[in-house]
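The structure appears right after this line, and notes come after that.
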Amino acid sequence: MQLDTGVLVVGGGLGGIAAALAGLRLGQTVVLTEESPWLGGQLTTQAVPPDENAWIETFGGTTSYRTLRAEIRNHYRRFYPLSRSARAAAALNPGDGRVSPLCHEPRAALAAIDGMLAPYLSSGRLTVLTGTALRDVAVDGDRISGVSLDSAAHGRVTVSARYVLDATELGDVLDASGTEWVCGAESQDETGELHALPGPAQPLDQQAFTWCFAMDYREGEDWTIDRPADYDFWRGYTPDFWPGPLLSWTDVRPDSLAPRTHPLFADPASATGGQGIDRWTFRRMLSVRAFEPGFLASDVTVVNWPQNDYWLGPLVGVGPREHQRHLTAAKELSRSLLYWMQTDAPRHDGGTGYPELRPRGDLLGTGDGFALRPYIRESRRIVGEFTVLEEHVGVEARRVAGKPAGSEVFADTVGIGCYRIDLHPSTGAGRPRTYVDIACHPFQIPLGALIPVRVDNLLPAAKNIATTHVTNGCHRLHPVEWNVGEVAGALAAHCIGTGLPPRAIREKPEHLDDFQRLLVQRLGIELAWPDRIRTLIV
């Protein structure tokens, strides 16, 4: 199968979808590929409800990102028997989870995404290939001349495109094309960052990834799974930076590293719409109280906790066999956590084990209770025209460097974001290391971080922009990934339309002004925080 298109987007996560929509809205033809059966990445195949900033309902995300959120809510309003209070809520939260004002099932996001893409599929300007994995990239000098993929439905697919956007979870196109990239932890000597590693760079020091799963609570029933093969290992595993065994209700606060204990349930009512400081309600994606009585027997929650973060090996910079070994081990850790909860965990009522916990893979597109794909926090990153450093966004780093209050103001801003610099435990240099959790200011996204230093027609469109190991921690969440992807798609379309390369757009003030005007007027992308927010500490 041979395809020719204006824009090829490899990777159908949030950045990839936003990139495709932007390219289409600006008149281009687009081919969008994704290796899993579903589009949606973090929101769907990885089963991660959105982590967002405090202003997201009205500001701090692009117009199309807010459309996505609105369509997820409309999905429930159209098709679900919502309770009277939930239906009346403007900011409907079907899961009433504490992590976000919008916690929901992956399939609701998938339905919203499919709806947003549907007009372009009907027009013939969009081709979507799911179940399609990157095979090879052909390069001619400093340009990508073709991309080969393996599709479950179509066999070998070869795509020629004016621009290729890498929206994969691990920056696979960067690697396959020979584009300059980095991974893991840079050295402090290299970046000058306050919280960078002293000594040499450690490319294999990468953030933990997590194989999420969903579960509900079936009173009086026994849903205990088979004992996992590696359960004894995980049951006894005690990291040296942890207060005790990993499989425990006790972990550490990311910011202070002080021990904390949160039970599964704060009280017996937690499984049926209760609210408390417990693990059940944190990432709950369906709450009994959001629906008419009798619709749900139990809430459904997502397990994406410190206890199933996998940090015993990286996914980038290792061979295929080791890569697969770590993926398998990560799922085995999550399986062991579920089994521990069902059999050995202390109960809120004084007993041991919750056999009532039922895996809900039916809500995640699988038969085993686990998400289709692991939740990836850290990717390969381009070597860009500009690199976002801790001193641009970090509160303490800016104070130490004598910078003005608030984040750096970028003349080439193409969007905004806000999240703490949140680094989960990482694979370390031979031994894992603990959280790095740093206060941050609401920030701008500079165009220079989206432009590779050499390759002309490749753009990053996900977590693979030119940040560092440290600043990736505040650029990796849902709204920022969407913003990055949307800008990448818009930049590709704008460059095709004007005949200008990305570097020229950034280098010439008049071209940059035109592009920023397009982002604001055509796509509704916000380029700056109000000063009263930009100087806040989050």
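The values are calculated or read from the model by the stated rules, or taken from the named source; none is laboratory data. Fair warning: this is a prediction, and the values are worked out from it, not measured in the lab. Every residue, glycine among them, receives a Cβ derived from its backbone with ideal geometry; neighbour counts consider all protein chains shown. In case anyone asks, the SASA skips ligands and DNA or RNA and just uses the protein heavy atoms, side chains included. Shrake-Rupley method; radii C 1.70, N 1.55, O 1.52, S 1.80 Å.
Hey, does region 104-117 have a residue that's basic (Lys, Arg), outside any helix (DSSP H, G or I), out of contact with any strand residue (DSSP E or B) (no Cβ under 6 Å at 6 or more places or on another chain) and open to solvent by 30 Å² or more (accessible area, probe 1.4 Å)?
So far as region 104-117 goes, no, none of its residues is basic (Lys, Arg), outside any helix (DSSP H, G or I), out of contact with any strand residue (DSSP E or B) (no Cβ under 6 Å at 6 or more places or on another chain) and open to solvent by 30 Å² or more (accessible area, probe 1.4 Å).
I'm trying to understand the selection: among the residues of region 220-241, which are under 13 Å from TRP311 (Cβ atoms), open to solvent by less than 70 Å² (accessible area, probe 1.4 Å), part of a loop (DSSP other than H, G, I, E, B) and in contact (Cβ under 8 Å) with a residue 40 or more places away in the chain?
Within region 220-241, PRO239, PHE241 qualify.
All but one of (1) touching a residue at least 40 places away in the same chain (Cβ under 8 Å); (2) out of contact with any Ser or Thr (no Cβ under 8 Å at 6 or more places or on another chain) hold for GLN342; state the number of the condition that does not hold.
For GLN342, the failing item is (2).
Considering region 428-479 alone, what residues qualify as being touching a Pro at 6+ places or on another chain (Cβ under 8 Å), open to solvent by less than 10 Å² (accessible area, probe 1.4 Å) and β-branched (Val, Ile, Thr)?
Listed by number, the list holds a single entry, ILE451.
ASP513 fails exactly one of the following numbered conditions: (1) touching a helix residue (DSSP H, G or I) at 6+ places or on another chain (Cβ under 6 Å); (2) open to solvent by 10 Å² or more (accessible area, probe 1.4 Å); (3) farther than 23 Å from LEU32 by Cβ. What is the number of that condition?
That leaves (1) as the condition not met.
Among the residues that make up region 152-168, is at least one of them among the acidic types (Asp, Glu) and either free of Cβ contacts under 8 Å to residues at least 12 places away in the same chain or out of contact with any Pro (no Cβ under 6 Å at 6 or more places or on another chain) (or both)?
There is no residue in region 152-168 that is among the acidic types (Asp, Glu) and either free of Cβ contacts under 8 Å to residues at least 12 places away in the same chain or out of contact with any Pro (no Cβ under 6 Å at 6 or more places or on another chain) (or both).
Could you check how many residues of region 49-69 are free of Cβ contacts under 8 Å to residues at least 60 places away in the same chain and outside any helix (DSSP H, G or I)?
The qualifying residues number 2.
Do we find that GLU378 is surrounded by 19 or more Cβ atoms within 10 Å (Cβ to Cβ), at pLDDT 95 or above and closer than 20 Å to LEU194 by Cα in this structure?
yes
Of the residues ASP150, ASP175, ASP142, ASP166, which is under 28 Å from ARG503 (Cα atoms), within 25 Å of the chain's Cα centre (by Cα) and open to solvent by 50 Å² or more (accessible area, probe 1.4 Å)?
When all the criteria are applied, what remains is ASP175.
Check off (1) free of Cβ contacts under 8 Å to residues at least 40 places away in the same chain; (2) in contact with a strand residue (DSSP E or B) (Cβ under 6 Å, 6 or more places away or on another chain) for TRP249 and give me the number that stays unchecked.
(1)
Taking the condition of being surrounded by fewer than 21 Cβ atoms within 10 Å (Cβ to Cβ) and either among the basic types (Lys, Arg) or touching an Asp or Glu at 6+ places or on another chain (Cβ under 8 Å) (or both), how many residues in region 409-423 meet it?
Residues meeting the conditions: 2.
Condition test on ALA161, is it touching an Asp or Glu at 6+ places or on another chain (Cβ under 8 Å), open to solvent by 40 Å² or more (accessible area, probe 1.4 Å), of a type in the set (Gly, Ala, Ser) and over 30 Å from PHE265 (Cα atoms)?
no
When you go through ILE113, ILE17, ILE72 one by one, which is the residue that is under 26 Å from ASP278 (Cβ atoms) and β-branched (Val, Ile, Thr)?
Being under 26 Å from ASP278 (Cβ atoms) and β-branched (Val, Ile, Thr) holds for just one of ILE113, ILE17, ILE72, which is ILE72.
Could you give me the residue pairs with C-beta distances under 6 Å whose first residue belongs to region 520-538 and is within 11 Å of GLY61 (Cα to Cα), whose second residue is open to solvent by 50 Å² or more (accessible area, probe 1.4 Å) wherever it lies, and which are 6+ apart or on separate chains?
As it stands, the answer is GLY524/THR63, since those pairs meet every condition given.
I want to confirm something. Restricting to region 178-189 and keeping residues that are outside any loop (DSSP other than H, G, I, E, B) and in contact (Cβ under 8 Å) with a residue 12 or more places away in the chain, which single residue is farthest from THR498 (Cα to Cα)?
Looking at the filtered set, the residue picked out is SER187.
Select from region 256-296 the residues that are within 28 Å of the chain's Cα centre (by Cα), at pLDDT below 80 and open to solvent by 80 Å² or more (accessible area, probe 1.4 Å) and list them in ascending order.
Correct list: GLN275, ILE277.
Only one of these is part of a helix (DSSP H, G or I) and without any contact (Cβ under 8 Å) to a residue 12 or more places away in the chain: ARG325, ARG321, ARG289. Name it.
One residue alone meets the criteria, ARG321.
Hey, could you check region 297-339 for residues that are of a type in the set (D, E, K, R) and over 20 Å from PRO203 (Cα atoms) and say which is farthest from the chain's Cα centre (by Cα)?
Among residues in region 297-339 that are of a type in the set (D, E, K, R) and over 20 Å from PRO203 (Cα atoms), the one farthest from the chain's Cα centre (by Cα) is ASP299.
Hey, among the residues in region 7-48 that are within 19 Å of the chain's Cα centre (by Cα) and charged (D, E, K, R), which one's nearest to ALA492 (Cα to Cα)?
Going through the qualifying residues, I end up with GLU34.
State all residues of region 70-103 that are assigned to a helix (DSSP H, G or I), open to solvent by 10 Å² or more (accessible area, probe 1.4 Å) and not aliphatic (A, V, I, L, M); if no residue qualifies, say none.
Across region 70-103, the qualifying residues are GLU71, ARG73, ASN74, HIS75, ARG77, ARG78, PHE79, ARG84, SER85, ARG87.
Tally up the residues in region 197-219 that are part of a strand (DSSP E or B) and at pLDDT 95 or above, please.
9
Which of the residues belonging to region 492-510 are open to solvent by 60 Å² or more (accessible area, probe 1.4 Å) and in a helix (DSSP H, G or I)?
Hits for region 492-510 are GLY497, THR498, ARG506, GLU507, PRO509, GLU510.
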